[in-house]
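For reference, the structure discussed in these notes is given below.
The values are calculated or read from the model by the stated rules, or taken from the named source; none is laboratory data. Everything quoted here is computed from the prediction, not taken from an experiment. Note: ideal-geometry Cβ built from the backbone for every residue, glycine included; neighbour counts use all protein chains shown. In case anyone asks, the SASA skips ligands and DNA or RNA and just uses the protein heavy atoms, side chains included. Shrake-Rupley method; radii C 1.70, N 1.55, O 1.52, S 1.80 Å.
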Amino acid sequence: MAPGLDDGSSLFNFVVRDGNGVKGMVDLGLSTVPKPYVQPPKERIDKRMATRHEGAPIDLSRLDGPDHDEVVKEIVMAAETLGFFQLVNHGVPVDLLESLKDAAHDFFGQPSEKKAVYRKEVSPSPLVKYGTSFVPEKEKALEWKDYISMIYTNDAEALQQWPKECREVALEYLKTSMTMVRRLLEILMGNLGVELDDTKIDGLIGMKMVNMNFYPTCPDPDLTVGVGRHSDMGTLTILLQDGIGGLYVKVAEEIANIGKKGEWVEIPPVPGALVINIGDALQILSNGKYKSAEHRVRTTSMKSRVSVPIFTSPRPSEKIAPLPQVVEKDGMACYREVIFGDYMRNFFGNVHDGKKPLEFAQI
């Protein structure tokens, strides 16, 4: 154990308050997992108990040909069941995705003091936050992850305020992903009987954020989690995985050829693919027809892993509720109207605990 880190409070200060992160701790040399990171047995991820999702990714380019209706059906089916699917030929250049992974390694490979300037308490920009775990002040066991979070307002502010190691490539990733996001929303909302225009699109994804996640190597992945059980709070998440893997999704209801209710399924990395998952806001808007996916991340002892999600969600001032078209068909609303900012505060104010945040909006 690194000197001075056997003690819980000095470790917490070193990793969280001083901004050294999990990487700073690992760089000191670890042969065992420090106690604050040891998860209770029920939260640990047993690889042997999970199955691999072997389904082929959805080829988005087929939307423009004779297979259009079939592709629509595949996307809707995935949104209604697992809440997760993979896309290829999505319109984001594959070399850009490779550059993104390199940029994430570049950012997290810097000395701790270079990253710590973006800690929430001291960050020079309200758009940028560097941190570790999820809500470390409240967690019984910490998550084995560092991250940088970049909120998008406009191109000029992103290029001025996001970290220079990754700002250009992260912005390009966000901008080139939006055509794909729009097409997915047109399909998913169209299936609910809603036609989208620019105002409605802005209502669904008016807030956008790019994160870079870094999962350093771990001496014993069986004892830890990279990210605990949760669903994303927003509309759609677009995720770039690297080739290492470790993303697991929970099967909500039995799905043929995928898994039984309550099982965890690994989403294997597919070169050049992006992972899409449904968020809580879309589950609420669809009155539960689309399922926000409960997922978590396992750590690895081989080499450090990176992932780069784009979170799209309604603006904090937006009111969200089940769409009238869906409620009329269903006969009743399963969720109440909430101001999305209130939903966000509840989401970020509590530790990861599966899909518990949805209870905030449930009737």
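Anything in segment 62-77 that is free of Cβ contacts under 8 Å to residues at least 60 places away in the same chain and either under 12 Å from residue 272 (Cβ atoms) or open to solvent by less than 40 Å² (accessible area, probe 1.4 Å) (or both)? List them, or say none.
Hits for segment 62-77 are 65, 71.
Output the number of the condition that residue 42 fails; it satisfies all remaining conditions of (1) open to solvent by 60 Å² or more (accessible area, probe 1.4 Å); (2) touching a strand residue (DSSP E or B) at 6+ places or on another chain (Cβ under 6 Å).
Checking residue 42 against (1) open to solvent by 60 Å² or more (accessible area, probe 1.4 Å); (2) touching a strand residue (DSSP E or B) at 6+ places or on another chain (Cβ under 6 Å), the one that fails is (2).
Mind counting the residues in segment 89-116 that are free of Cβ contacts under 8 Å to residues at least 40 places away in the same chain and either β-branched (Val, Ile, Thr) or touching a strand residue (DSSP E or B) at 6+ places or on another chain (Cβ under 8 Å) (or both)?
Total meeting the criteria: 1.
If I ask for residues that are buried (at least 19 other Cβ atoms within 10 Å of the Cβ), more than 18 Å from residue 108 (Cβ to Cβ) and modelled with pLDDT under 90, which ones from segment 10-35 would you list?
Matches in segment 10-35: 11 only.
Determine whether segment 123-143 contains at least one residue that is modelled with pLDDT of 95 or more and more than 30 Å from residue 27 (Cα to Cα).
no
So which residues in segment 84-107 are open to solvent by 50 Å² or more (accessible area, probe 1.4 Å) and assigned to a helix (DSSP H, G or I), if there are any at all?
Within segment 84-107, 94, 95, 98, 99, 102, 105, 106 qualify.
For residue 194, indicate whether it is of a type outside the set (Asp, Glu), touching a Ser or Thr at 6+ places or on another chain (Cβ under 7 Å), closer than 30 Å to residue 324 by Cβ and surrounded by 17 or more Cβ atoms within 10 Å (Cβ to Cβ).
Criteria not met by residue 194.
Considering only segment 143-175, state which residues are of a type outside the set (Asp, Glu), in a loop (DSSP other than H, G, I, E, B) and open to solvent by 10 Å² or more (accessible area, probe 1.4 Å).
145, 153, 154, 164
Working carefully through the options 189, 209, 178, find the one that is open to solvent by 10 Å² or more (accessible area, probe 1.4 Å) and under 21 Å from residue 64 (Cβ atoms).
The match here is 178.
Select from segment 47-83 the residues that are farther than 15 Å from residue 259 by Cβ and in a loop (DSSP other than H, G, I, E, B) and write down the one among them that is nearest to the chain's Cα centre (by Cα).
57
Take residue 345 and decide whether it is more than 22 Å from the chain's Cα centre (by Cα) and without any contact (Cβ under 8 Å) to a residue 40 or more places away in the chain.
Criteria not met by residue 345.
Could you figure out which of (1) part of a helix (DSSP H, G or I); (2) more than 20 Å from the chain's Cα centre (by Cα) isn't true of residue 219?
(1)
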